[in-house]
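The block underneath contains the structure these notes are about, expressed in structure tokens.
The values are calculated or read from the model by the stated rules, or taken from the named source; none is laboratory data. A quick note: this is a predicted structure, and the numbers were derived from the prediction, not measured. Using ideal geometry, Cβ is built from the backbone for each residue, glycine included, and neighbour counts are taken over all protein chains shown.
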Amino acid sequence: MDQKQAASTEWQIQLDQLEQQNRQLRRALRLSEEKLAAVLEGTDTKVWQLDVASQALKIFNAPWGA
């Protein structure tokens with residue numbers, strides 16, 4: 001195997017490893033999002049953010065009027 005083929009093979013191995021890591025991270029993110037959603041729904045907890053400068057309050061998981 002010449003140097004060019006070896007470099008190409010090494011590049012492919014690294015790419016495969018990165019793709020596998022990406023899949024694992026996406027799976028972990030999806031599971032944590034599902035757990036958070038279940039906790040928020042089960043406890044009727046609201047998630048909010050206050051912009052201190054403008055005093056704008058944003059509620060992420062409550063319908064209007066709730």
(Q) Considering only the range 23-34, I want to know if a residue exists there that is touching a Lys or Arg at 6+ places or on another chain (Cβ under 7 Å), surrounded by 10 or more Cβ atoms within 10 Å (Cβ to Cβ) and not acidic (Asp, Glu). (A) no
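Pick from Lys46, Lys58: which is among the charged types (D, E, K, R), out of contact with any helix residue (DSSP H, G or I) (no Cβ under 7 Å at 6 or more places or on another chain) and modelled with pLDDT of 90 or more?
It is Lys58.
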Q: State all residues of the range 50-63 that are surrounded by fewer than 10 Cβ atoms within 10 Å (Cβ to Cβ) and not hydrophobic (A, V, I, L, M, F, W, C); if no residue qualifies, say none.
A: Asp51, Ser54, Gln55, Lys58, Pro63
